[in-house]
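Accompanying notes for the structure given below.
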Amino acid sequence: MSDENTVIEVHIDASEITKLINAIPEMDNIMYSEMRAAMDESGEMLSLAIAPLTPVNYGLLRSAIQWPKGYEATGLDVDTLRGVIGAGELQSESGTATSVYVKYVEEGTSPHWAPIAPLKLYAIRKFGDEKAAYGIRAKIAKSGTKGAHMFAEGWEASKSKIEKIWQGVPQKAIDKFERFV
């Protein structure tokens with residue numbers, strides 16, 4: 001993770017694709033178009049894998065999981081592509097942005113004194129009694145929280161499919177190029 005809002009960074013080695021572009025410069029627009037499509041397909045696939053693994057209280061965090069459409073090219077001659085999947089800026093009932101607490105849901109927390117208001121809402125919904133929030137708070141203060149690891153598990157479940165998407169990029173570009181030649 002590179003910052004508190006980043007949960008998964010997908011780094012794609014595009015050096016072989018870049019060599020193909022350099023060898024056949026006429027293909028660059030088609031190749032870049034296929035690379036954008038592959039990055040979007042990869043990100044959407046990850047979002048769809050992560051969402052069902054995301055714990056639900058009111059569903060706000062699950063609905064905030066998003067692929068920010070696009071990628072960042074890094075390195076000389078674009079040898080690496082970087083895509084980031086995280087949680088958007090939806091506001092919870094307590095006013096906390098999902099992009100802030102997604103990291104804690106993913107990784108868990110060390111013991112801390114949790115704010116009572118969100119715990120009361122959770123206790124009412126889960127147990128029908130807001131007083132249960134104080135017991136939950138005491139447990140968090142003693143033990144912290146367990147991480148859901150939805151991003152890590154979503155990545156593991158999707159990794160081989162994403163590799164296949166990227167392995168197909170050169171052939172898709174070549175096929176399109178041949179139609180225009």
(request) For the pairs 103/161; 126/146; 103/164; 120/142, note any where the Cα-Cα span goes beyond 21 Å. (result) 103/161; 103/164
(request) Among 125, 179, 62, rank each residue by its count of other Cβ atoms within 10 Å, from fewest to most, as a rough exposure measure. (result) 179, 125, 62
(message) At 0.36 nm per residue, and after removing the present C-alpha to C-alpha distance, how many nm does the segment from residue 163 to residue 28 gain when stretched out fully?
(response) 46.5 nm
(request) Note the full-extension length gain between residue 100 and residue 142 as 0.36 nm times their separation in residues minus their Cα-Cα distance, in nm to one decimal. (result) 12.9 nm
(request) For each of 160, 42, count neighbouring Cβ atoms within 10 Å of the residue's Cβ, then give the residues from fewest to most. (result) 160, 42
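By how many nm would the segment from residue 116 to residue 152 grow when fully extended, if each residue of separation counts as 0.36 nm and the alpha-carbon distance is taken off?
10.1 nm
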(request) First select every other residue whose beta carbon is under 13 angstrom from the beta carbon of residue 161; then total the charges, Lys and Arg +1, Asp and Glu -1. (result) -2
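Quick note: the coordinates plus some simple rules give every number you see, no bench work behind them. Bear in mind the structure is a predicted one, so any value in this text is a computation, not a measurement. Using ideal geometry, Cβ is built from the backbone for each residue, glycine included, and neighbour counts are taken over all protein chains shown.
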